[in-house]
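Right, one structure below, let's go through it.
The values are calculated or read from the model by the stated rules, or taken from the named source; none is laboratory data. Model, not experiment: these values are computed from the prediction. Heads up, the Cβs are rebuilt from the backbone with ideal geometry, glycines too, and the neighbour counts pull from every protein chain shown.
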């Protein structure tokens, strides 16, 4: 907990102090499971801080998805003329108000902050009851943040420092709800980030067909592969996150689920249900 690296000094320790500050407030208010709610509170605070950047990234991503079919047609039409393709691509971006670099800067800014939060929680949940007070008090900035007693390392009876893989033998299969919910939340967010249907007017656009000798078959195979990969990733990534949640401490799953749920809310505010719209309509018809 006292690693003097630049990363810890600039990111980890300030985030840790914020976490301890939230914990002290909740502790003074006699809030049960104060540490767990502190993790939720800190995650929400950081999400709010990153809100403008995330919103900018989501809007840029949405616009890029909307022009993607048009861009594919341009690539097909001008595949032998790189200069014309570049000119037409820039024209397309300008017409639709798309800045390809708009989504990059927010991501670059968010990554170290999110990683810093993850590092804090990784270290917090790994602390044993005997070392909590001494370890925390070495890195807090102010005396009023110092702990006088160890904290409750559980959240509604679940130990934040242990993972479902170890707890399943004592708590039973009910503990599997943690990784299952983690995977479900991740799937919902990923699905919402996809387009629900082709952009307006796209269905009526003529499709340019290339003869086989010009690479039409190769183009179709590439499109089919890209479509299949995107479709499979929609399910594979949430399953991976769910598996990690099964292996990682519950405290990290609590952070990740809070982060994802907040992201779902933000995604809905900016783009609506997105790819979930079709599923929602089917559910309503049943």
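Numbers below:
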| item | result |
| --- | --- |
| Members of the stretch 132-155 that are free of Cβ contacts under 8 Å to residues at least 24 places away in the same chain and within 27 Å of residue 175 (Cα to Cα) | 132, 150 |
| Residue 226 being farther than 30 Å from residue 96 by Cβ, modelled with pLDDT under 90 and over 13 Å from the mean Cα position of the chain (by Cα) | no |
| Selection count, the stretch 263-275, where residues are over 13 Å from residue 186 (Cβ atoms) and assigned to a helix (DSSP H, G or I) | 6 |
| Any hit, the stretch 36-59, residues being at pLDDT 85 or above, in contact with a helix residue (DSSP H, G or I) (Cβ under 7 Å, 6 or more places away or on another chain), in a loop (DSSP other than H, G, I, E, B) and more than 25 Å from residue 108 (Cβ to Cβ) | no |
| Whichever residue in the stretch 103-112 is surrounded by 12 or more Cβ atoms within 10 Å (Cβ to Cβ) and at pLDDT below 85 and, among such residues, is farthest from residue 7 (Cα to Cα) | 103 |
| Residue in the stretch 35-50 that is buried (at least 18 other Cβ atoms within 10 Å of the Cβ) and more than 21 Å from residue 126 (Cβ to Cβ) present | yes |
| Residue 100 vs. criteria in contact (Cβ under 8 Å) with a residue 24 or more places away in the chain, surrounded by fewer than 16 Cβ atoms within 10 Å (Cβ to Cβ) and under 29 Å from the mean Cα position of the chain (by Cα) | yes |
| Filter result for the condition that a residue is more than 28 Å from residue 274 (Cβ to Cβ) and either surrounded by 13 or more Cβ atoms within 10 Å (Cβ to Cβ) or at pLDDT below 90 (or both), over 84, 64 | 84 |
| Every residue from the stretch 242-265 that is crowded, with 20+ Cβ neighbours inside 10 Å and either out of contact with any helix residue (DSSP H, G or I) (no Cβ under 7 Å at 6 or more places or on another chain) or free of Cβ contacts under 8 Å to residues at least 40 places away in the same chain (or both) | 248 |
| All helices (runs of 4 or more DSSP H) inside the stretch 103-187 with 2 or more residues being touching a helix residue (DSSP H, G or I) at 6+ places or on another chain (Cβ under 6 Å) and farther than 25 Å from residue 14 by Cβ | 164-171 |
